[in-house]
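This report refers to the structure that appears directly beneath it.
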Amino acid sequence: MLYQRSSQLFAEAEKVIPGGVNSPVRAFKSVGGTPIFVKQAKGAYLYDEDGNRLIDYINSWGPMILGHAFEPVVQAVTEKAKLGTSFGMPTELETQIAALAVSMVPNIDKIRFVNSGTEACMSAVRLARGFTKRDKIIKFSGCYHGHSDSFLIQAGSGAMTFGTPNSPGVTAGTAKDTLLAKYNDLENVRSLIEANPNEIAAIIVEPVAGNMGCVPPIKGFLEGVRQLCSENGILLIFDEVMTGFRLAKGGAQELLNINADIVCFGKVIGGGLPVGAFAAREEIMNYLAPLGPVYQAGTLSGNPLAMAAGKAMLESLNNDAAIFQRLEEKTAYLEAGIHKVLKANNIVYTINRVGSMISVHFDASPVVDFQTAAKGDNDTFKKFFHGLLQEGVYIAPSAYETWFITDALTYEDLDFTINAIDKVSKTL
Ligand SMILES: *Cc1c(COP(=O)(O)O)cnc(C)c1O
């Protein structure tokens, strides 16, 4: 396949947009080459500016769980647009989607809508700090919670030290309030809490990690974190921006049967429009302005087009009793097929999967945290990625990303993909 026009468009973009993209991972830096420019998409397929058709395993990084240009969403948005696109005043639609979300997700009474997953996580942490009157948070290496300052932190030297900024522009003052722990390492969490008594407001975690590839929580890890939080007056924040409305109707809380204190949403909840949200029990949510002292706001929050898209998406998921089972079966089929062809071609690999989140790591050892995820062979991944691109299969342009399976994929698409992986494996 040729990607000539995409390359030209990228060169044009680079003149007026830093790196040619509005979000860095799109730039293909970790795989090399130039990004594909999309013209349109429908169902499981992307159509690019060169006229290629690609089977899409990113699906806008998650939101298109029911496929691109999903009819109910398109209809809801176009109808709403004719009635005005933003008011900065309340609409009935906001109450309807809030009530629907609260009915689908366990353990939440109220929800506040924002414009991105970043905003949701940032606001959740502020709320937790205000509510507990403590400053520090614990996050896990390899978990991503958007690009707000408190989260752009890497481990300092030694497990007990404060984090250090991993981007210029994040101050040392901010970094000192974020402590880094190892995913799936409960003892590490326990020692951080013991070293900072009565200082930790919240522990924020991806209940199934998806930003270092897919990394499931090992048995007892989240249960232990939950217990430590309860014993120490710490709020547990589940960042379900990726897992929410994907792993189950009620997200990871439902799938894993663990209650968080605050839950963050993004991606699927907006049906492809810019939406995030955070939610909790009433006592915590009432601590937000205008009821409570913790300030949080947004000119376009609850935007009618975004809410119409999100509501159509949540309704479609809520009304389809078999959707999550179907996604599980399709992804399990894909997983089994990938196992078969990678084994047959003597590739060294590990596959992690939870529901419709799956990733292939090119290393033999189990991938349980950032350190083990980083052991994957990136040169092999690069060849794998570009090989699949030539076959018309688009996976995320980074070894640290999950593939997002959409219900729009047919078993023929999955067979096509498995065959493409077989073919590419022979070249690795
Ligand atoms: C994507 C993502 C975010 C950030 O959401 P944006 O909408 O990109 O700001 C936060 N947390 C997790 C787990 C994510 O996957």
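The values are calculated or read from the model by the stated rules, or taken from the named source; none is laboratory data. As the structure is a computational prediction, the values presented were derived from the model and not from experiment. Counting neighbours? That spans all protein chains shown, and the Cβs are built from the backbone with ideal geometry, glycine included. Note: accessible area is taken over every heavy atom of the protein model, side chains too, but ligands, DNA and RNA are not part of it. Shrake-Rupley method; radii C 1.70, N 1.55, O 1.52, S 1.80 Å.
A few notes on this one:
- Among the residues making up segment 147-158, a single one is open to solvent by less than 40 Å² (accessible area, probe 1.4 Å) and more than 15 Å from the ligand (Cβ to nearest atom): GLY156.
Quick grid of which residues meet (1) touching a residue at least 12 places away in the same chain (Cβ under 8 Å); (2) closer than 21 Å to LEU409 by Cα:
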{"position": "THR299", "(1), (2)": "yes, no"}
{"position": "GLY302", "(1), (2)": "yes, no"}
{"position": "ALA308", "(1), (2)": "yes, no"}
{"position": "ASN319", "(1), (2)": "no, yes"}
{"position": "GLU328", "(1), (2)": "yes, yes"}
{"position": "ALA332", "(1), (2)": "yes, yes"}
{"position": "ILE338", "(1), (2)": "yes, yes"}
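- Pick from segment 1-42, criterion assigned to a loop (DSSP other than H, G, I, E, B) and within 16 Å of the ligand (Cβ to nearest atom), ranking: nearest to TYR400 (Cα to Cα): SER23
- Of the residues making up segment 165-187, those that are outside any loop (DSSP other than H, G, I, E, B) and open to solvent by less than 30 Å² (accessible area, probe 1.4 Å) are ALA175, THR178, LEU179, LEU180, ALA181.
- Screening GLU194, GLU187, GLU231, GLU199 for residues that are closer than 30 Å to PHE362 by Cα, of a type outside the set (A, V, I, L, M, F, W, C) and outside the structural domain of MET357 (by TED's automatic domain parsing) leaves exactly one candidate, GLU187.
- Residue satisfying condition, being at positive phi, of a type in the set (Gly, Ala, Ser) and within 15 Å of the ligand (Cβ to nearest atom), within set GLY276, GLY271: GLY271
- Positions within segment 374-428 being in contact (Cβ under 8 Å) with a residue 40 or more places away in the chain, part of a helix (DSSP H, G or I), among the aliphatic types (A, V, I, L, M) and under 23 Å from PRO35 (Cβ atoms), in sequence order: LEU389, ILE421, VAL424
- When residues in segment 113-146 are screened for being away from the ligand (no atom under 13 Å from the Cβ), on the phi < 0 side of the Ramachandran plot and either among the charged types (D, E, K, R) or not in a loop (DSSP other than H, G, I, E, B) (or both), 12 of them pass.
- For segment 304-326, a residue qualifies if it is over 16 Å from VAL268 (Cα atoms) and open to solvent by less than 30 Å² (accessible area, probe 1.4 Å), and exactly one does: PRO304.
- Some residue of segment 198-207 being within 22 Å of TRP403 (Cβ to Cβ), surrounded by fewer than 24 Cβ atoms within 10 Å (Cβ to Cβ) and within 16 Å of the ligand (Cβ to nearest atom): no
- Residue count for segment 43-78 under the criterion of being open to solvent by 30 Å² or more (accessible area, probe 1.4 Å) and assigned to a strand (DSSP E or B): the result is 3.
- When the residues of segment 327-355 are filtered to those that are open to solvent by 30 Å² or more (accessible area, probe 1.4 Å) and among the basic types (Lys, Arg), the one that is farthest from ASN378 (Cα to Cα) is LYS340.
- Residue satisfying all of: in segment 118-142; touching an Asp or Glu at 6+ places or on another chain (Cβ under 7 Å) and open to solvent by less than 10 Å² (accessible area, probe 1.4 Å); farthest from ALA297 (Cα to Cα) among these: ILE137
- Taking the conditions (1) under 27 Å from the mean Cα position of the chain (by Cα); (2) open to solvent by 60 Å² or more (accessible area, probe 1.4 Å) in turn, ASN115 satisfies each one other than (2).
- Filter result for GLY244 (touching a residue at least 12 places away in the same chain (Cβ under 8 Å), among the small types (Gly, Ala, Ser), touching a Gly at 6+ places or on another chain (Cβ under 7 Å) and under 25 Å from ILE218 (Cα atoms)): yes
- Flag for SER30 being closer than 23 Å to ASN378 by Cα and surrounded by fewer than 17 Cβ atoms within 10 Å (Cβ to Cβ): no
- Selected residue [under 17 Å from ILE137 (Cβ atoms) and either within 11 Å of the ligand (Cβ to nearest atom) or open to solvent by less than 20 Å² (accessible area, probe 1.4 Å) (or both)] from PHE265, PHE238, PHE245: PHE238
- LEU256 fulfils the conditions (1) open to solvent by 10 Å² or more (accessible area, probe 1.4 Å); (2) farther than 19 Å from ALA209 by Cα except for a single criterion, (2).
- Being touching a helix residue (DSSP H, G or I) at 6+ places or on another chain (Cβ under 6 Å) and of a type in the set (Phe, Trp, Tyr) is a property that holds for PHE362.
- Restricting segment 82-95 to residues that are of a type outside the set (Gly, Ala, Ser) and open to solvent by less than 70 Å² (accessible area, probe 1.4 Å), the residue that is nearest to the ligand (Cβ to nearest atom) is GLU94.
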